[in-house]
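K.L.:
Encoded as structure tokens, here's the structure I'll be asking about.
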């Protein structure tokens, strides 16, 4: 029996992706050593970022599975160790840049991340459900996606995504949990049980700022912010911290709801942001005979798109109309968004259509320096 080479073992370990950082463990310096014995057993020492890493079992399993596929390997012994402070500093510098630079990466000149602030004029229009389903639909297409649950008082994203895991903290860097390929951060991950968060404006701003500076999302194609309803503190903070964020306004077909939602979109005229489009939720209920029952009226989304186009002086499209579907609600309660749990439903197809329109928007290089210098 031939003994597996160190090169072959390292190549296998290079396929093991860290569940939180979403990069190969070999690239992150997490493989301290690997060796094969004469009998075909392999010993690998893996360095965890912290002693209480919540995904240690996942890393152990993935490393074991990868090594067992190497020819000549008969067994695997994974030894879990912990990075030294110096090794953690090196990792942070590798991820964040020289000296572990802090700041909001999505506002830097080289950032290609499309940032969408999902807003609504009032509560109860399904804004959070729309946010998580759009994020999951984009992730299913292979895009790198993140969600910031910016509704500090009414956080719901962890439950809608089925996330019970706490974020991992590596010194001053927070690694967000990942569900369905989407990186998620929420104040709900830091409170016990269903405790309320009773904070005023300055605390809300600081919480959002910390989510954007201390949480390591990596290079994302799209970042969604699930905003609280209305045009209060968080909406203003988003405009200050992420001036490049585009606003997605969620409304229902009801004319009164469209009137209120108009305010959430018109704030763009004061902040200089772009309104990416309107999403009409709860558009209709499809009956068994195929007839559509418009429980909340009709035309609200189109009316809102027309009004906002006039208000902001640019075309604001109606991106899609999402029907009422009990499976959308069931997916939210179960922590599995409908675009994954029941992709054949009309609601899922409408959401996937909206996600597809967002995915076709290029991560533009226009106006960005390429670092090319003439000789």
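K.L.:
So for segment 196-208 (the condition being within 26 Å of residue 138 (Cβ to Cβ) and under 16 Å from the mean Cα position of the chain (by Cα)), does at least one residue qualify?
P.N.:
Here is the first cut: in segment 196-208, the residues within 26 Å of residue 138 (Cβ to Cβ) are 207-208.
From the residues that got through so far, the ones that are under 16 Å from the mean Cα position of the chain (by Cα) too are 208.
Within segment 196-208, one or more residues are within 26 Å of residue 138 (Cβ to Cβ) and under 16 Å from the mean Cα position of the chain (by Cα).
K.L.:
Testing residue 209 on (1) buried (at least 16 other Cβ atoms within 10 Å of the Cβ); (2) touching a helix residue (DSSP H, G or I) at 6+ places or on another chain (Cβ under 7 Å), one condition comes back false. Which one is that?
P.N.:
(1)
K.L.:
Give the residues of segment 307-338 that are loosely packed, with under 15 Cβ neighbours inside 10 Å and closer than 30 Å to residue 271 by Cα, sorted by residue number.
P.N.:
Correct list: 310, 313, 314, 315, 317.
K.L.:
Something else now. What pairs come out if I take residues in segment 123-148 that are not assigned by TED's automatic domain parsing to the domain that holds residue 211 and pair them with residues that are outside any helix (DSSP H, G or I) and crowded, with 21+ Cβ neighbours inside 10 Å whose C-beta lies under 9 Å away, six or more apart or interchain?
P.N.:
none
K.L.:
Right, next: Here are some residues: 202, 196. Which one is in a loop (DSSP other than H, G, I, E, B) and loosely packed, with under 14 Cβ neighbours inside 10 Å?
P.N.:
On the way: 202 fails: in a loop (DSSP other than H, G, I, E, B).
Step by step, each of 202, 196 is checked, and only 196 is in a loop (DSSP other than H, G, I, E, B) and loosely packed, with under 14 Cβ neighbours inside 10 Å.
K.L.:
Right, here's the next one. Could you tell me how many of the residues in segment 246-267 are more than 17 Å from residue 294 (Cβ to Cβ) and crowded, with 24+ Cβ neighbours inside 10 Å?
P.N.:
The total comes to 7.
Each row is one residue, and each column tells you yes or no for (1) over 26 Å from residue 233 (Cβ atoms); (2) surrounded by 21 or more Cβ atoms within 10 Å (Cβ to Cβ).
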| residue | (1), (2) |
| --- | --- |
| 149 | no, yes |
| 154 | no, no |
| 161 | no, yes |
| 165 | yes, no |
| 175 | yes, yes |
| 180 | yes, no |
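The values are calculated or read from the model by the stated rules, or taken from the named source; none is laboratory data. It should be emphasised that the depicted structure is a prediction, and the values quoted were computed from it without experimental measurement. Cβ atoms come from the backbone with ideal geometry, glycine included; neighbour counts cover every protein chain shown.
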